[in-house]
Each structure stands twice: as C-alpha cells, then as structure tokens.
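Written out below as structure tokens is the structure these notes cover.
The values are calculated or read from the model by the stated rules, or taken from the named source; none is laboratory data. Treat the numbers as computed from the prediction; the structure is a model and nothing was measured. Heads up, the Cβs are rebuilt from the backbone with ideal geometry, glycines too, and the neighbour counts pull from every protein chain shown.
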Amino acid sequence: MSQSEEEHNIPDRETCQKLTEQFAEITGTDEACAQFYLQDRDWDLERSVNAFFEVSQTGGVSILHDGDAAGIVINVDKKMVEVLSKAQPTTEPPPRFSFVTWNLDGLDDHNLKKRTKAVCKIVATVIYDSSSEEDGSLAKVIVLQMWECPDIVFFQEMIPETFSYVEEKLPEYMCIAGNVEGYFTATLLRRFTVYFDSHKIHEFPGSLMCRNLITVNAHIGPLKLLLLNTHLESTVDHAAERVKQLKECFKVTLEAPEDTTVIFAGDLNLRDKELEQLGGLPPGVEDLWKTCGSRKECQYTWDMLRNSNKEFPGRFKPRSRFDRIYLRHSHPQRVVPVHFGLLGIEKVSGTQTFPSDHWGLRVFFNIRKL
C-alpha cells in the first residue's frame, strides 16, 4: 500500500477522536492505548477491540508486513498493554528528541544475554548529561536534561534471540527488523513520540555478508523524518563493496523530499580514505561528530585501547571511527543537533566485558518551530 493510500484510510480528526473515546470506554483503558490499537488497524473499531481483548487474555505476537519487505514484529502482550495504559497522551509534539545507534556485537556469544540486558537497561534509563565551555570571559554552561528514553534507536548486529529479548524488555518501542535470520539491523521507534509511516528494505546486491539498508519514514508531530539504518560491508578486504554501499546510501539520503529531515547512521566500517574516494561528504550532509564539536573522547567508536572485549596481542591496539551519524537537513531546517556522546563505556555488572565491542552513539536534537 502506498503512503497516499495509507493516509486516505485515516478518518478526519473528529472521527478519530470519537473512535478513540469509544475504544477507551469499551475496554476500560485510555486514549493512548486506544490510539495504538486503532492506528494499527486502519481505525476499525471492531477489529481493534477484538484484538485488545484477545491480547489481554492470551498475550502474543503480531506480525505486520509492508509489501515485500521484511516483517515488522511487534510484541503485543500483557506487558505492553500495561505500559500503554500508563502513557500520557498529548496532542502537543515534543520540542526535542534523542537518537541512539549501536552495534551490539550479537555474533559474539560471550556473555551475550547479560550484555543485551545491559543495553536494554541503558536504553530504558533516564539520561542526564551536562557540559561546560569557556568563551572568553563568558562561561557557557550547557545543561541537557533529557528526562526521556531515546526516541529513535538503530541497532546493528542483532540475531533473532537478541531481537526477541529487546522486544520483550522494551515494549514501549516499535521494532522494525532488517531480516529474520542470521544477523541484521533493527530500527526502534518510541511509541507516542515517533510515529511510523512506512519502511523499506534495500538489499545490497554485491554484499557477501547479507548486508542491507533499512529506511523508515516517520514523523514527530509536523517534523518529517527519513531514517537510514545500515551495517556496511566489513574488513579492509571488502573496501570496494563498502564504498559502493555507502554511495547507494548517500543517493537515498539526497533523494529524500526537501521537507524531510534525513538521519543516516549505523556501523559503516568506514575509513576516511574511503569517504575521500567519493569526494567527501555530499553537499548538505553533515557528520554530527564534527558538527557537535569533534570531541576527542568521542572520536573512536571501536576502540581496543579502551574496550577489552576483543583481544589483540601485543602493544598495538586498533582504534577506528566505524560508527557514524550523518544528517541532511530539511528546507527550512527543522532540527538542531545539540550534543554528541557515547554509551556503553562501563563494564556490565558482574562481568569483565562491556555491553559491546563498539561504543553506542547518542545525539540530542532540538526541534525548531515554524
């Protein structure tokens, strides 16, 4: 179904409100829960009510499909119903949002469940960050108080077991998988702040590692987003294929509508000389590590000098900026990146391992009002 057809199925605002109130009255829930069920069922009240009572009694899993793309697997069980019932619905879009991308190293089974559990805990934890800088005689203190979980999360190197675990532990997120077997990427959207519109899986025909690109169209209030999550071909030996994949990702980024903000991120396995082969970043595309100040402590995302998950004998410890976040602004510009930091830099409690051999990246954005 095309996006225009999907929009055609949405009733007018007055009808939506009436259906929401009827669902809440019948089920004894609230409008937040009602909107979740109704939106996923084309605002069909009877189907939505039946689905609610079926899930409330039995729990279970629903699988949605978007054309011939991989399925969106949504864990709709009693735990989710409980989470949804506590949500506070609002018609006012948030003034800011946060973004995370992280390679979870799902192919390494050492402490895998403990590491994945730690990732879920980090994602679900309240974030407080602050920094200060001197500007001549004026001390600027930038305090970021983000009392919310990340609104958008990109994961790479997930496997079916870790994907299912994340779904179970983070029911407040809609989970979109890039595949259903092997290892793959996943994009998570936080319910009631980020609304899903559509998605597509772009296969890389030359990949020997089953790599692809997930694109998700979503919105936060009037802010339109195109989200590109990928894990490009690994190792030095596959640099030529990686550059081809990167070129394709930039093409998708640049072809997005002018009114849409594009976030392109993931484990790109990128070396700077490979980016130079393409002539550097395309015009209008920003590297958010650089945009946010190029802090040295955030430069290396796969850092074997600080991260001991992988053993490298000898004194040499490789350090690379494999994981990156690129931004292409809409016109007019709607978002302002205000902070770039790292996640997962502490060892998992009770182990000698970090959550992953990669650090996670997080960016906070302010949303401009038009």
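Going through segment 194-219 one residue at a time, which ones are in contact with a strand residue (DSSP E or B) (Cβ under 8 Å, 6 or more places away or on another chain), surrounded by fewer than 20 Cβ atoms within 10 Å (Cβ to Cβ) and either among the β-branched types (V, I, T) or not in a strand (DSSP E or B) (or both)?
I201, C210
Would you check which residues across segment 346-370 are more than 27 Å from V194 (Cα to Cα) and not charged (D, E, K, R) and list them?
V348, S349, G350, T351, Q352, T353, F354
Looking only at segment 1-23, filter to residues that are at pLDDT below 50 and in a helix (DSSP H, G or I); which one of those is farthest from the chain's Cα centre (by Cα)?
Top of the filtered list is H8.
Could we say that I201 is in contact (Cβ under 8 Å) with a residue 24 or more places away in the chain and farther than 25 Å from P337 by Cβ here?
yes
Could you check segment 232-243 and list, in sequence order, the residues that are closer than 30 Å to R190 by Cβ and either surrounded by fewer than 19 Cβ atoms within 10 Å (Cβ to Cβ) or touching a His at 6+ places or on another chain (Cβ under 7 Å) (or both)?
Scanning segment 232-243 gives a single hit, S234.
Could you please find all residues in segment 155-182 being under 19 Å from R211 (Cα atoms) and outside any loop (DSSP other than H, G, I, E, B)?
Of everything in segment 155-182, those that are under 19 Å from R211 (Cα atoms) and outside any loop (DSSP other than H, G, I, E, B) turn out to be F155, Q156, E157, M158, P160, E161, T162, F163, C175, I176, A177.
Which numbered condition in (1) exposed (fewer than 14 other Cβ atoms within 10 Å of the Cβ); (2) touching a strand residue (DSSP E or B) at 6+ places or on another chain (Cβ under 6 Å) is the only one that E297 fails?
Unmet condition: (2).
What pairs can you find where one residue is in segment 268-291 and surrounded by 14 or more Cβ atoms within 10 Å (Cβ to Cβ), the other is polar (S, T, N, Q) and part of a strand (DSSP E or B), and their Cβ atoms are less than 9 Å apart, with a gap of 6+ or different chains?
If the second residue must be polar (S, T, N, Q) and part of a strand (DSSP E or B), the pairs left are L268/T230; N269/S320; L270/S320; R271/S320.
Return yes when N229 is modelled with pLDDT of 95 or more and crowded, with 23+ Cβ neighbours inside 10 Å and no when it is not.
yes
Go through segment 278-329 and report how many residues are basic (K, R), closer than 20 Å to G266 by Cβ and part of a loop (DSSP other than H, G, I, E, B).
2
Answer yes or no: is there a residue in segment 262-277 that is polar (S, T, N, Q) and part of a loop (DSSP other than H, G, I, E, B).
yes
Return the residue satisfying two criteria in turn: it lies in segment 24-50 and is buried (at least 18 other Cβ atoms within 10 Å of the Cβ) and among the aliphatic types (A, V, I, L, M), and of such residues it is modelled with the lowest pLDDT.
Restricting to residues being buried (at least 18 other Cβ atoms within 10 Å of the Cβ) and among the aliphatic types (A, V, I, L, M), the top hit is A32.
In segment 249-261, how many are loosely packed, with under 12 Cβ neighbours inside 10 Å and not in a helix (DSSP H, G or I)?
3
Could you give me the residue pairs with C-beta distances under 6 Å whose first residue belongs to segment 311-325 and is in contact (Cβ under 8 Å) with a residue 12 or more places away in the chain, whose second residue is buried (at least 19 other Cβ atoms within 10 Å of the Cβ) and small (G, A, S) wherever it lies, and which are 6+ apart or on separate chains?
The qualifying pairs are I325/A265.
So G341 clears everything in (1) in a loop (DSSP other than H, G, I, E, B); (2) touching a residue at least 60 places away in the same chain (Cβ under 8 Å) except one condition, right? Which one?
Evaluating G341 over (1) in a loop (DSSP other than H, G, I, E, B); (2) touching a residue at least 60 places away in the same chain (Cβ under 8 Å) leaves (1) as the failure.
Checking P355 against (1) touching a helix residue (DSSP H, G or I) at 6+ places or on another chain (Cβ under 7 Å); (2) in a loop (DSSP other than H, G, I, E, B); (3) over 18 Å from D105 (Cα atoms), which single condition isn't satisfied?
The one condition P355 does not meet is (3).
Got at least one residue in segment 186-200 being under 24 Å from S320 (Cα atoms) and in contact with a Phe, Trp or Tyr (Cβ under 7 Å, 6 or more places away or on another chain)?
Scanning segment 186-200, I find at least one residue that is under 24 Å from S320 (Cα atoms) and in contact with a Phe, Trp or Tyr (Cβ under 7 Å, 6 or more places away or on another chain), so the answer is yes.
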